[in-house]
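K.L.:
Here it is, the structure, as structure tokens.
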């Protein structure tokens, strides 16, 4: 059972922070994330069209869903981001995206392929790009890599969710944005 223990949120930037969390059975949470990614990719529903993976990736995810043991972070590391303020209620299907990994020395940022899964204020990133093992091992940003997890946080107003909602509203309901 998922029983997180939340420590006090630490602020890193005005709109960003993180929580240090201990999760009793982290492999179950990882398997859940991999299951959603696999189901989205294998689905023929039109809403899941943006979540199609390659045949090999889909097959590998399916093996974990069917019970292959998850040791450590799994070959598909999972990270979590929590929206720390309440935003507009909405649904969002999983989809493939790119995530920028910033080099703190500023010289070698990377872009990695992820499956982005939104669950009512909790965003799961299933990393599909291969990471060097030394980047994942012991890194608490990836579930199962350490005895605790760091969950990043962002306010709704500074989040991708907010930007995406504005984009969709401009596209589908411009009068709501323009005040007309």
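K.L.:
Quickly work out the residue 155-to-residue 85 label distance, labels modelled 7 Å from Cα along the C-beta direction, and quote it in nm with one decimal.
P.N.:
Between residue 85 and residue 155, the simple spin-label model gives 0.3 nm.
K.L.:
Can you tell me how region 39-115 classifies by the Cα gyration tensor, rounded, prolate or oblate, using a/c under 1.5 as the rounded cut?
P.N.:
Judged from the Cα gyration tensor, region 39-115 comes out oblate (a/c at least 1.5, b/c at or above a/b).
K.L.:
Along Cα→Cβ, 7 Å out, is where each label goes; now give me the distance between the ones at residue 175 and residue 65 in nm to one decimal.
P.N.:
Going from the residue 175 label point to the residue 65 one covers 4.2 nm.
K.L.:
Another question about this same structure. I need the shape label for region 74-161. Rule: rounded when a/c is under 1.5, else prolate if a/b > b/c, else oblate, with a, b, c from the alpha carbon gyration tensor.
P.N.:
Note, shape of region 74-161 comes out prolate.
K.L.:
Can I ask one more? Expressed as a rounded percentage, what relative contact order does the chain have, with Cα pairs under 8 Å and six or more residues apart?
P.N.:
25 percent
K.L.:
State whether the chain is rounded, prolate or oblate according to the following rule on the C-alpha gyration tensor (a ≥ b ≥ c being the square roots of its eigenvalues): a/c under 1.5 gives rounded; otherwise a/b larger than b/c gives prolate, and the remaining case gives oblate.
P.N.:
The shape class here is oblate.
K.L.:
Kindly put 78, 71, 112, 136 in sequence by how many other C-beta atoms sit within 10 Å of each C-beta, fewest to most.
P.N.:
In order of increasing Cβ crowding within 10 Å: 71, 112, 136, 78.
K.L.:
A follow-up question, please. Show that you can apply the helix-only estimate: for the chain, add -39,500 (n - 2.57) for every DSSP H stretch of four or more residues, divide by all residues, and state [θ] at 222 nm to the nearest 500.
P.N.:
Helix contribution divided over all residues of the chain: -8000 deg cm²/dmol.
K.L.:
Calculate the length of the line joining the C-alpha centroid of region 117-157 to that of region 44-101, in whole Å.
P.N.:
11 Å
Bear in mind that the values in this text are calculations on the coordinates, not laboratory data. Every value quoted in this text rests on a predicted model; they were computed, and no experiment measured them. Glycine also receives a Cβ, built like all others from the backbone with ideal geometry; neighbour counts cover every protein chain displayed.
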